[in-house]
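Right, one structure below, let's go through it.
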Amino acid sequence: MPPSQHALSKQVMKNWDFWKHKIANATNNRMLEQWAFHKPQIIRATSTQDLDPPPLAANDHPSVLPHEMYALEPGDPPSRTLTWKPLGFLSHIKRRTNDDRFPLSLWEVWFCTQLGVSIPELIGPLRQCSCNAFQIDLFGDHSQTCQHKTAATQVHDWAVSRLAGILGSVGHRVKINKITPATGKERGDVEIRDYVVLQKPRDVTDCLPPPRTLILDFTLTHTRFGRSLVHSLGQLTHKRRSDGAPEPDGALRAVARKKIIHYRQLYINRPEPIAFMPVAVDTTCL
Ligand SMILES: [Zn+2]
């Protein structure tokens, strides 16, 4: 029976000076980069004041978020500063039943990946991946990025169904099958009927445009190269130009930009325009 998390924390805190010294003198690059990903982040949320033209004047602003914020909070709310602690969720999860318990092997992979050390299960002679183009590295970077049949598709579909469940549970009309296509067979993952209210009436005689459907497209991305023949495996995909430090949201921004370019205009151009929003998640804290 492994020691409980409480017992481990107590043991670590009892010998904290030892760990403080270790952390201050750490030289393992990957561990330092993972640590940088997990530090609290401060994000400035754009307000409608920052938009030119403002959302009331032009309902065709390419992003739907300011409209949604405006409908909730009319007027000129100031920009907000949001603080995000990537590993903060750890203090909130708890199991409700015995079946809720994560298996030990899953914790082990998660824990080692977050720290930036080799995954015990993968230590030993390198194995060929079933895609036949790469070997499975000790840190799991290839496994996290391999597109070969399907682990990736299964994870994607699982996340989409959970996302739809959460949206449906608060009363939205949501579907994940037969999504309205953007073009040909290409389409987003989640469709929410009548979601986006474009503006709030200024008085009772104001005629509101009908609410728009919102389509989300979900992408799971990884912050390191795992199937590139050009870049070294395990290297970060996005670093700050000035000092080479990890860019925490670099991979998310890149994938969101790509999806917006691909889908947003196609969906707006439909006879009944549809709003589009990418949803991107990366593996640094999953
Ligand atoms: Zn592979």
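Within the straight-line cut-off of under 21 Å between alpha carbons, the lysines reachable from residue 258 are 185, 239, sequence neighbours fewer than 8 places apart in one chain being disregarded. The stretch between residue 183 and residue 80, if pulled fully straight at 0.36 nm per residue, gains 33.5 nm over its current Cα-Cα span.
The simple spin-label model puts a point 7 Å past each Cα toward its Cβ; for residue 35 and residue 94 those points are separated by 3.1 nm.
Taking θ as phi - 60° and the Karplus parameters 6.51, -1.76 and 1.60, the scalar couplings of the stretch 98-105 work out to 5, 5, 6, 5, 6, x, 4, 4 Hz in sequence order, x denoting glycine and proline.
Hey, with R₀ at 45 Å, roughly what FRET efficiency would residue 258 and residue 14 work out to, going by the Cβ-Cβ distance, to 0.05?
Working from the Cβ atoms, E equals 0.40.
Excluding residues fewer than 8 places away in the same chain, name every one of the lysines whose C-alpha is closer than 24 Å to that of residue 14. Correct list for residue 14: 22, 39.
Only the coordinates and a few stated rules stand behind these numbers; no lab work does. From a predicted model like this one, the values you see are computed outputs, not experimental measurements. Heads up, the Cβs are rebuilt from the backbone with ideal geometry, glycines too, and the neighbour counts pull from every protein chain shown.
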